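Beneath this line is the structure, given in structure tokens, with notes to follow.
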2 protein chains.
Amino acid sequence: MTASAIQNITVEEQAKKAKKAARTLGILTTEEKNQALRTVADALEANFEAIIAANLIDLKKGEEKGFEQAFMDRLSLNKERIFDFAEGLRQVAELPDPIGDVMSGWTLENGLKVEEVRVPLGVIGMIYEARPNVTADAAGLALKSGNAIVLKGGSSALNSNRSIVKIIHQALEKTAIPKDAVQFIDSLNREATQQLFTMKEHIDVLIPRGGASLIKAVVENATVPVLETGVGNCHIYVDQEGDAEKAINILINAKTDRPAVCNAAETLIVHQNWLKEHKGLLADALTKHGITVHGDETALAELPNVQPATETDWANEYLSLDLAVKTVNSLEEAIDHIDLYGTKHSEAIITENTATAKKFMQLVDAAALYHNASTRFTDGGALGFGAEIGISTQKLHARGPMGLPALTTRKYLMSGNGQVR
Amino acid sequence: MTASAIQNITVEEQAKKAKKAARTLGILTTEEKNQALRTVADALEANFEAIIAANLIDLKKGEEKGFEQAFMDRLSLNKERIFDFAEGLRQVAELPDPIGDVMSGWTLENGLKVEEVRVPLGVIGMIYEARPNVTADAAGLALKSGNAIVLKGGSSALNSNRSIVKIIHQALEKTAIPKDAVQFIDSLNREATQQLFTMKEHIDVLIPRGGASLIKAVVENATVPVLETGVGNCHIYVDQEGDAEKAINILINAKTDRPAVCNAAETLIVHQNWLKEHKGLLADALTKHGITVHGDETALAELPNVQPATETDWANEYLSLDLAVKTVNSLEEAIDHIDLYGTKHSEAIITENTATAKKFMQLVDAAALYHNASTRFTDGGALGFGAEIGISTQKLHARGPMGLPALTTRKYLMSGNGQVR
């Protein structure tokens, strides 16, 4: 038997175990689930040294492989980070439990009672990259919403993830949640990930978290339904009636506050009348904040130190202090550009004209539309959703920041006394 | 240039036109959309003879190809059927418009106003088989919910569909809805269908309507998100505490009222104690209604005229007056059988024990669960949803009968005065 065949059996067996555990977990009380999350949080804190020791092995391997600094930062854990994600689990315990909510209910003329109730999805497959904190975060959100989870983390974090999951399993043994509800695919084998793509019998949804290429691979190859997250090629459109101070504050915030996150701005679309009037202010702000500008011909002519923009500049996230600048003559032209290059994440208009803002918000197809505010607010925490499992850029099921309800579905329960049609 | 390359340009061009039309359609008023639906309904009635003439061509070709009677029935149109689907459009006009609903709204501490509003999905790709009424039904539901639609009907109904779409287009020219909002892929080419599978740029969702093999082909090959509909391998579980009269009435209704639809029962799961007590009554009812029984060993021993059931009997829809009979010793065994063979559509338990019923409804994973009622109620009309675009057997986005809200998504609209993070 080949190694891959052995792996094949194992991943499917794990998914089956998760499915079985989901049945028990799905009907636990809120307090049983909350108590389990607190027990896991305590265990992670009590065992932080073991996690750090495992993380050091991953960091050493990462150094040997010459991973870049940003990657190593995401991979790295310390006592504070571990206590942070333990505390995150306690916060999830405090959130309202979506499960069992009666969303609607009515009685038919024949006396048949109908109830629409919220239930867990079942088993969530989570495919993610180097951040080991996702292991604890995702498990916490899944368990609170009554779902089992199959975790497949990036191979560079294998030792860290293995250590975190071992502690979660030991803690769950003291709780009402079966430890099989958290499955960890302990493999460096890429095939293990691909097996999850088509395991429709056992896995109800796949959530990829990571870069654009990971998400693309999952979307293109999975037959299991996918919750697509994270790629945000976000635009700030400054209309000719945009207030200069608001425009510049918002642009700088959206570009520089955390350039590597998905709700950061990547392109400034600017009405040429506004650009001509305020180019001095704009140029000063861009220079002051160390922003590298890639512009179209008008931007090249009006602003200093601009590099010519190519198709790549319009189409991709920089995730850095780079900014593309596109000039337009009308709202329609701005919307056409967003239609072509946007990823339906977050788009902003800066204008003092309410009618123009309304038109922008009606016609642009995205999860979050902003009038005179920064795209950085597209975030479960910032918008008051509590914890989030990711930001959906798809239209089906969930759109925008996804809190616990995104991990649920519904059942219609009909109670009768012999009704037939 | 090859024929397929020409087709390629055409289907993509059609999808692009639909996308452009969707932008206009998405912001029309409810009255503009309703008026357009009524205009289309009138036109279909006024031109029923042209539709019948086109349908005759399809019927003649179908006869030549020797299609079976049930297929020819679905394909066949007459004045009454055409007036029925015209009337259906008027009924859709009467339904509440989901678009523009403010689903929730709040203000952050910093003054940023947040509104969650319901918006159209955009462009719906509808892939269906021989029923030409779907052409009008699906177009009506799409337009009312502000969506453009790309229709790809079965090749056996090509002439009928072409005629219906021509009338829809002529009627739309007199309304606020751009006629490009209804695209019809006028092709016998299978590649045309496959092109829709991956057109993520232009098509927001695919809805396959037809047999299990069509749905499977779409789910396995599409990268565009799919709303999976229709396969119902539904079970009636008669518990040992099931009332005999209710059990038999419900079973016979669920099996025989309309055997070919997805909410019909396919398998009777029966507790062996109940079977032993009521086998005479059950056998009489099955015989009286001309039901062919395929049973396990116990059923073979207890009931007359039973054929031995094979894996196929448990796993597939009969869509005929055949019934599989599985005997069990416990609720758990019944649930395990449903878990293994069910399609998460509709499942019923017959029992006078409320605790047993509650456990069944909690533990069985399906869109619709029934206690002492027929599975035949899983239907948008019967449950009071108004028209339905199909019955979802998936868990994401929509589950169970899908009315107009299933064809919508949301946008978060944030209005500020310069807020940054």
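The values are calculated or read from the model by the stated rules, or taken from the named source; none is laboratory data. Quick caveat, the model's predicted, so the values are computed rather than measured. Note: ideal-geometry Cβ built from the backbone for every residue, glycine included; neighbour counts use all protein chains shown. Remember, those area values only see protein heavy atoms, side chains included, never the ligands or the DNA or RNA. Shrake-Rupley method; radii C 1.70, N 1.55, O 1.52, S 1.80 Å.
Details
- Among residues of segment A:278-296, those that are touching a residue at least 24 places away in the same chain (Cβ under 8 Å) and of a type in the set (Asp, Glu), counted: 1
- Check on B:Leu363, facing another protein chain (nearest Cβ under 9 Å) and surrounded by fewer than 23 Cβ atoms within 10 Å (Cβ to Cβ): yes
- Selection status of B:Asp137, of a type in the set (D, E, K, R), more than 14 Å from every other protein chain (Cβ to nearest Cβ) and closer than 18 Å to B:Arg209 by Cα: yes
- In segment A:189-246, the residues that are over 30 Å from A:Gln272 (Cβ atoms) and acidic (Asp, Glu): A:Glu191, A:Glu201, A:Asp204, A:Glu220, A:Glu228
For (1) at the interface with another protein chain (Cβ under 7 Å from one of its Cβ atoms); (2) assigned to a loop (DSSP other than H, G, I, E, B); (3) at pLDDT below 95, each residue gets a yes or a no:
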| site | (1), (2), (3) |
| --- | --- |
| A:Asn372 | yes, no, no |
| A:Arg376 | yes, no, no |
| A:Ala382 | yes, no, yes |
| A:Gly386 | no, yes, yes |
| A:Ile391 | no, no, yes |
| A:Gln394 | yes, yes, yes |
| A:His397 | yes, yes, no |
| A:Lys411 | yes, no, no |
| A:Ser415 | yes, no, no |
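- Pairs with Cβ under 9 Å, 6+ apart, first in segment A:24-40 and under 24 Å from B:Ile335 (Cβ atoms) and open to solvent by 10 Å² or more (accessible area, probe 1.4 Å), second in a helix (DSSP H, G or I) and of a type in the set (S, T, N, Q): A:Gly26/B:Gln362; A:Ile27/B:Gln362
- Residue check for B:Leu275: open to solvent by less than 10 Å² (accessible area, probe 1.4 Å), more than 14 Å from chain A (Cβ to nearest Cβ) and farther than 19 Å from A:Asn417 by Cα: yes
- Of everything in segment B:343-354 that is within 29 Å of B:Leu404 (Cα to Cα) and open to solvent by 30 Å² or more (accessible area, probe 1.4 Å), the residue that is farthest from the other protein chains (Cβ to nearest Cβ) is B:Thr343.
- Positions within segment B:59-114 being within 14 Å of another protein chain (Cβ to nearest Cβ) and open to solvent by 80 Å² or more (accessible area, probe 1.4 Å), in sequence order: B:Val102, B:Thr107, B:Glu109, B:Lys113
- For A:Ala387, the conditions (1) in the same structural domain as A:Ser330 (by TED's automatic domain parsing); (2) of a type outside the set (Phe, Trp, Tyr); (3) out of contact with any strand residue (DSSP E or B) (no Cβ under 7 Å at 6 or more places or on another chain) are fulfilled apart from (1).
- Consider segment A:193-205 and keep the residues that are under 15 Å from A:Gly154 (Cα atoms) and open to solvent by less than 60 Å² (accessible area, probe 1.4 Å). The one that is nearest to the other protein chains (Cβ to nearest Cβ) is A:Leu196.
- Counting only residues that are open to solvent by 10 Å² or more (accessible area, probe 1.4 Å), assigned to a strand (DSSP E or B) and either at positive phi or of a type outside the set (Lys, Arg) (or both), segment B:115-127 holds 5 of them.
- Scope segment B:399-409; condition within 7 Å of chain A (Cβ to nearest Cβ) and part of a strand (DSSP E or B); matching residues: B:Gly400, B:Thr409
- Test: residue in segment B:327-342 that is within 13 Å of another protein chain (Cβ to nearest Cβ), more than 30 Å from A:Ala367 (Cβ to Cβ) and in a loop (DSSP other than H, G, I, E, B): yes
- Qualifying positions in segment A:173-209 - among the aromatic types (Phe, Trp, Tyr) and in a helix (DSSP H, G or I): A:Phe197
- Checked against the criterion of being on the phi > 0 side of the Ramachandran plot and more than 14 Å from chain A (Cβ to nearest Cβ), the candidates B:Gly154, B:Gly210 yield just one match: B:Gly210.
- Taken together, A:Ala299, A:Ala357, A:Ala315, A:Ala334 contain a single residue that is of a type outside the set (Val, Ile, Thr), open to solvent by less than 70 Å² (accessible area, probe 1.4 Å) and under 20 Å from B:Val420 (Cα atoms), which is A:Ala357.
- Within segment B:213-258, tally of residues that are open to solvent by less than 30 Å² (accessible area, probe 1.4 Å), in a loop (DSSP other than H, G, I, E, B) and at pLDDT 90 or above: 7
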